[in-house]
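K.L.:
Below you'll find the structure I mean.
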Amino acid sequence: MAQYPTEPLKCWPKAKELRNKFYENYKQAHEKGGIRCMGSAWALDAVTMGLGRDVYWITGEPYGASCAFDSPLSADFLTAAEKFGFSRDLCSYMRNYWGSIIVGKYAFGGPLPKADFAYTQHICCSHGKWYQNACELEGGDVPLYVIDVGVGACPPFEPEMYKHRVKYVADQMLDSIEWMEKITGRTYNDELFFEACWNDIRLTHTWAKICMLNRAVPAPLDEKSIYSLYVFATLQKSSAAFAELYEELLEEVEDRVKRGIAAVGNEQARVMTDTQPPWGFLKIYRYLETWGVVSIGSLYTFGLEGMWLYDEDRNDLGPRPMPPEKPTSREEACRMLADWHLSKPEYQHFYSPEYKTEMMDAIAKNWRCDAIIMHYNRGCEGLSVGIAENRLGLLERGNKVMTYEGNMGDETEFDLPSTETRFDIFLESLGLKKREA
Amino acid sequence: MIIVGIDCGAKNTKTVVLRDNKIIGKGMILTGFDQTSAIRESLHAALKDAGIDVKDVDKISGTGAGMEEIRDADVRVNEVKAMAKAANFFVPSARTVTDVGAEMGRAVKIDENGKVIDFAINEKCAAGAGAFIEAMARALEAKLEEMGPMVLKSDKSIPMNAQCAIFAESEVVGLIHAKTAKADISKAIHDAMASRIVSMIRRIGVNKDIVMIGGVGLNPGFVDSLKRELEIDKVYIPPDPAFGAAVGAALVLAEET
């Protein structure tokens, strides 16, 4: 018997339509006279929008996740990548992406459209090579621009020389504008860039505000649904349509909190997770629900694209306030975007696992989590780096933690029955009882 | 009250009969492909050992990989909870339990009541489980029961680097070709396996006293390797450690009744 009322999100149909349109647009870009751009979900896509409103993006991580969700398709892509000579221990998003190019098949129907250029950034060793290989696999004539963002953590973690770090990244963005003009033959429109920059900031700010609402008991959103919603920020942060969707979602979630609408009607306990889930097995979240457990989110879903400020004294996270005004010059826009994105919580652990542990602990405490379930994700070296240290740090801070191994994009590295057994053991040790089927 | 605990494991199915929390009968049968038969035969063996009839049994508790097949179970208890309860029963001062079964290695941190605080289980790999020693015994052309005692005859320390049972077999073959003595190879195998288990124990923290249950507890070579890896003098092994989880499952039910 459900303890709390539940209801589906009203914005689902619009969200689905927008996502489908995003992938359709990439396919039809040339028919529309537009340009196709590929790059990472972490890329500063706003910078490319100065080339025109008809720059259509595809981002590798959500595309790889979509492939992984379709088990037979993913098996084809992963096999093709392996046969080509790419090692099985590489990033599984990347292998799905390369496999898609090698097979020549688009996960959203038809042949995979070829990109006109690639615009991305280096955040981990995989991203350092991802688009170099992708460009070569797409024929070797796809120009590539990569921004180095490996500059150190943001304040309060590493405040030293922060403004120089911002300048280093901003200068690369400025340089990339000239490069884009050269390779596309288009004249760059600063007004469009300022607009895209502001869309990015309001979208990532709004996402953090939405996640804040999940502090409520019962949680208005469960993480399985959050995955379907946070994805817009990974598809294209600079999209006005996506920013508007988040603003509508914020209103809707506020209303759910006001009316006590739960994501999981029988919410008895709250957990948070870590890193990407095994995308082909999202049913594990439904399994948790049989124990009355809602996963309220994670540093990953909150902070991969959401912008936050960590308050060390209060051990708490809050949405980073937006800059007072839109940028009015190219230099200012680049600086603003660089500063905004370097504060992304998911960047920080690259410099020390301790930073991530602190932020995870803040979520556990302030989102009232009973426990933490960590995915030792063999498919992502970047987000799994230091994860065992995180576990120890979280245990030392009094959290209950369980781990399971898997792979976000390669189902051969995930064992569903044994993972469910682990959940059973762990959740029972928390004093929970499984609901009879 | 008579309570039966059945542990339908990957290799063996073990049954214990408890009268007022005292073990009065035991039975063990190879599980094989037909779990239902193994459960039935193991139960009959335990009842015969106890000298009672199935009608005398008040309740049945099940655990183990095949616990869903224990149709008559009044309750099913997960393996970690069962082993924790058993360790607490046999050694009340136990705070860490390790269970090395045929297919699974586990480490559990428990409190003074035998409640699970934290746990670690080996992932999709047999390198920390009894099956690893069996596979290596085949490679060494030795009987399984000879493997443990051989360890105690060796004074050499040969590292095995492979994390995987398949690659470890290649290393064993390499050592055989290098004319390494069987006792030394057996010690290397047991040390390698113990290091996997100790890695799990360290993950949850080494808290004394340490109890080992599971059939591998009867292997003196492994216990020796475990003590050396943990740098401790004593690992408590309850009588008939292979029946540990079955006893724990029965005790959990007794407590709830």
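The values are calculated or read from the model by the stated rules, or taken from the named source; none is laboratory data. Computed from a prediction, not measured in an experiment: that's the story for all the values here. Because the Cβ atoms are built from the backbone with ideal geometry, glycine has one as well, and the counts that use them run over all protein chains shown.
A quick yes/no check of all residues on (1) of a type in the set (Gly, Ala, Ser); (2) free of Cβ contacts under 8 Å to residues at least 60 places away in the same chain; (3) on the phi < 0 side of the Ramachandran plot; (4) in a loop (DSSP other than H, G, I, E, B):
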{"position": "A:Arg335", "(1), (2), (3), (4)": "no, no, yes, no"}
{"position": "A:Tyr347", "(1), (2), (3), (4)": "no, no, yes, no"}
{"position": "A:Thr357", "(1), (2), (3), (4)": "no, yes, yes, no"}
{"position": "A:Ala388", "(1), (2), (3), (4)": "yes, yes, yes, no"}
{"position": "A:Leu392", "(1), (2), (3), (4)": "no, yes, yes, no"}
{"position": "A:Pro417", "(1), (2), (3), (4)": "no, yes, yes, no"}
{"position": "A:Ile425", "(1), (2), (3), (4)": "no, yes, yes, no"}
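Conditions (1) more than 14 Å from every other protein chain (Cβ to nearest Cβ); (2) in a loop (DSSP other than H, G, I, E, B); (3) out of contact with any Pro (no Cβ under 6 Å at 6 or more places or on another chain), marked per residue:
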{"residue": "B:His44", "(1), (2), (3)": "yes, no, yes"}
{"residue": "B:Lys48", "(1), (2), (3)": "yes, no, yes"}
{"residue": "B:Asp72", "(1), (2), (3)": "yes, yes, yes"}
{"residue": "B:Ile117", "(1), (2), (3)": "no, no, yes"}
{"residue": "B:Ala120", "(1), (2), (3)": "no, no, yes"}
{"residue": "B:Ala139", "(1), (2), (3)": "yes, no, yes"}
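K.L.:
Taking only pairs six or more apart or across chains, which ones have beta-carbon atoms under 6 Å, a first residue in segment B:1-14 that is free of Cβ contacts under 8 Å to residues at least 12 places away in the same chain, and a second residue that is basic (Lys, Arg) and surrounded by 23 or more Cβ atoms within 10 Å (Cβ to Cβ)?
P.N.:
none
K.L.:
Kindly indicate the residue of segment A:426-437 that is at the interface with another protein chain (Cβ under 8 Å from one of its Cβ atoms) and surrounded by 20 or more Cβ atoms within 10 Å (Cβ to Cβ) and also modelled with the lowest pLDDT among those meeting that condition. So that I can check it myself, show each step before the final result.
P.N.:
Filtering segment A:426-437 for residues at the interface with another protein chain (Cβ under 8 Å from one of its Cβ atoms) gives A:426, A:428-429.
Still in the running and surrounded by 20 or more Cβ atoms within 10 Å (Cβ to Cβ): A:426, A:429.
Values: A:Phe426: 96, A:Ser429: 92.
Going through the qualifying residues, I end up with A:Ser429.
K.L.:
Taking segment A:377-396 as the search range and keeping residues that are of a type outside the set (Gly, Ala, Ser) and over 20 Å from B:Ile201 (Cα atoms), which one is surrounded by the most Cβ atoms within 10 Å (Cβ to Cβ)? Please lay out each step first, then the result.
P.N.:
Taking segment A:377-396 first, the residues of a type outside the set (Gly, Ala, Ser) are A:377-378, A:380-381, A:383, A:385, A:387, A:389-392, A:394-396.
Retained after the next criterion (residues that are over 20 Å from B:Ile201 (Cα atoms)): A:377-378, A:380-381, A:383, A:385.
Details: A:Asn377: 26, A:Arg378: 21, A:Cys380: 24, A:Glu381: 14, A:Leu383: 24, A:Val385: 16.
Per the criteria, the residue is A:Asn377.
K.L.:
Just checking, how many residues over segment A:367-386 are part of a loop (DSSP other than H, G, I, E, B), touching a helix residue (DSSP H, G or I) at 6+ places or on another chain (Cβ under 8 Å) and of a type outside the set (A, V, I, L, M)? Break it down stepwise before answering.
P.N.:
Pass one, segment A:367-386, residues part of a loop (DSSP other than H, G, I, E, B): A:367-370, A:378-380, A:385-386.
Keeping just the survivors that are touching a helix residue (DSSP H, G or I) at 6+ places or on another chain (Cβ under 8 Å) gives A:367-369, A:378-380, A:385-386.
In the following step, the residues that additionally are of a type outside the set (A, V, I, L, M) were identified as A:367-369, A:378-380, A:386.
So the answer is 7.
K.L.:
Please count how many residues of segment A:293-319 are surrounded by fewer than 19 Cβ atoms within 10 Å (Cβ to Cβ) and either part of a loop (DSSP other than H, G, I, E, B) or of a type in the set (A, V, I, L, M) (or both).
P.N.:
5
K.L.:
Considering only segment A:394-411, state which residues are more than 10 Å from every other protein chain (Cβ to nearest Cβ) and either assigned to a helix (DSSP H, G or I) or among the acidic types (Asp, Glu) (or both).
P.N.:
As a first pass, look at segment A:394-411 and keep what is more than 10 Å from every other protein chain (Cβ to nearest Cβ): A:394, A:396-399, A:407-411.
Scanning segment A:394-411 gives A:Leu394, A:Glu396, A:Asp410, A:Glu411.
K.L.:
Turning to a different aspect of this structure: Name every residue in segment A:1-22 that is within 20 Å of the chain's Cα centre (by Cα) and more than 16 Å from A:Glu244 (Cβ to Cβ), in order of residue number.
P.N.:
A:Asn20
K.L.:
Would you please list the contacts, defined by Cβ atoms under 9 Å and residues six or more apart or on different chains, that run from a residue in segment A:12-23 that is at pLDDT 95 or above to a residue that is among the aromatic types (Phe, Trp, Tyr) and in a helix (DSSP H, G or I)?
P.N.:
Pairs found: A:Ala15/A:Phe232; A:Leu18/A:Phe232; A:Leu18/A:Phe242; A:Arg19/A:Phe232; A:Phe22/A:Phe232; A:Phe22/A:Phe242; A:Tyr23/A:Tyr63.
K.L.:
May I pose another question? Considering segment A:372-393 alone, what residues qualify as being within 11 Å of chain B (Cβ to nearest Cβ) and not hydroxyl-bearing (Ser, Thr, Tyr)? So that I can check it myself, show each step before the final result.
P.N.:
Here is the first cut: in segment A:372-393, the residues within 11 Å of chain B (Cβ to nearest Cβ) are A:376, A:378, A:388, A:391-392.
Once the filter is applied, which keeps residues that are within 11 Å of chain B (Cβ to nearest Cβ) and not hydroxyl-bearing (Ser, Thr, Tyr), segment A:372-393 yields A:Arg378, A:Ala388, A:Arg391, A:Leu392.
K.L.:
Return the residues of segment B:74-87 that are under 19 Å from B:Val108 (Cβ atoms) and within 14 Å of another protein chain (Cβ to nearest Cβ); say none if nothing qualifies.
P.N.:
Of the residues in segment B:74-87, the ones under 19 Å from B:Val108 (Cβ atoms) are B:76-87.
Those that are under 19 Å from B:Val108 (Cβ atoms) and within 14 Å of another protein chain (Cβ to nearest Cβ): B:Arg76, B:Val77, B:Asn78, B:Glu79, B:Val80, B:Lys81, B:Ala82, B:Met83, B:Ala84, B:Lys85.
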